[in-house]
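Structure first, then comments.
Bear in mind that the values in this text are calculations on the coordinates, not laboratory data. Everything quoted here is computed from the prediction, not taken from an experiment. Don't worry about glycine lacking a Cβ; one is built from the backbone with ideal geometry, like all the others, and counts go over all protein chains shown.
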Amino acid sequence: MNLIFLGPPGAGKGTQAKMVTGRYGIPQISTGDILRQALKDKTPMGVKAKEFMDAGKLVPDDVVIGIINDRLREGDCKAGFILDGFPRTVAQAEALSGLLGKMGRQIDAVIDLAVEERFLVERLTGRRTCKNCGMGYHITFSPASKTGVCDKCGGELFQRDDDNEATVIKRFKVYKEQSELLGAHYSAGGRYRKIDGAAPMEQVFKRIVEIIDA
Ligand code: ADP
Ligand code: ADP
Ligand code: ZN
């Protein structure tokens, strides 16, 4: 099963991707996570990407397309994958279909998580992530049992640099200008499903499972 998750920042792409990985065993491929890891490793790509990420802007297409090209060729993608946060521009979508074509593969479903912007600022500013295992939390909607400590591995929780209100507003603008129209791009193909991402996490996941199992 080869999946794409679309949706604005904070829509729940990462949360749902982790749940799908847990149930179906296919990897979550998050360009945001890969870029943050590159920064942690102090690679030139990571250091350069940080400027864009901190400004709430998109990292250039050629960088993220390169990341995806390498990642999709790794062995764990053979049984399928979940693209979380890629593509974000039409140029990325076109590059992806070219890459998949060359590999003799295709996308089985594009799942667009629709959430109104008024809910998203709170989701993003309250987001916390485990430094060690990447598990996601929310201070109100999905809190860790012990504040600041991961339930799964005991790791320390942190807040992303770009999850402050000012940068969040810029990211919404970029989403509206460059990424929102991917819905129209994919809806022509018949494998596009828009679902209510404002529902509780378990309910959103139930809907995704229905789509995958259909
Ligand atoms: P979110 O949780 O808001 O969906 P991500 O972790 O997916 O955020 O992305 C964080 C940042 O990483 C983006 O604001 C952007 O700077 C960069 N980024 C991630 N994926 C892409 C992409 N496909 N194209 C360009 N930039 C990207
Ligand atoms: P994205 O990857 O689309 O940027 P995340 O999955 O990281 O979004 O979710 C953003 C924040 O909102 C996280 O703190 C997460 O715990 C919380 N969240 C995700 N889905 C829901 C939901 N259905 N209801 C309430 N909060 C949610
Ligand atoms: Zn953890």
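General remarks:
- For the range 145-214: rounded, prolate or oblate by the Cα gyration tensor [a/c cutoff 1.5]: oblate
- Euclidean distance of C-alpha centroids, the range 188-214 and the range 12-77, integer Å: 22 Å
- Residue exposure sequence - E94, E51 - by fewest surrounding Cβ within 10 Å: E51, E94
- Cβ-placed point charges (K, R +1; D, E -1), dipole of the chain about Cα centre in debye, nearest 20: 240 debye
- Cα gyration tensor shape of the range 97-157, rounded if a/c is under 1.5, else prolate or oblate by comparing a/b with b/c: oblate
- The range 73-214 - percent relative contact order, Cα under 8 Å, separation 6 or more: 30 percent
- Gained length - A114 relative to V47, 0.36 nm times residue gap less alpha-carbon distance: 21.0 nm
- Backbone phi angles across the range 198-214, fed through the Karplus curve with coefficients 6.51, -1.76 and 1.60 (θ = phi - 60°), yield HN-Hα couplings of 8, 5, x, 3, 5, 6, 4, 5, 4, 5, 5, 4, 4, 5, 5, 7, 5 Hz in residue order; Gly and Pro are listed as x.
- For the chain, the direction-averaged projected area of the alpha-carbon convex hull comes to 11.3 nm².
- Using θ = phi - 60° in the Karplus curve 6.51 cos²θ - 1.76 cosθ + 1.60, the 3J(HN,Hα) couplings for the range 21-32 round to 4, x, 8, 10, x, 8, x, 8, 10, 10, 4, x Hz; x is entered for Gly and Pro.
- Candidate lysines - alpha carbon under 17 Å from K102, same-chain residues fewer than 8 apart omitted: K78
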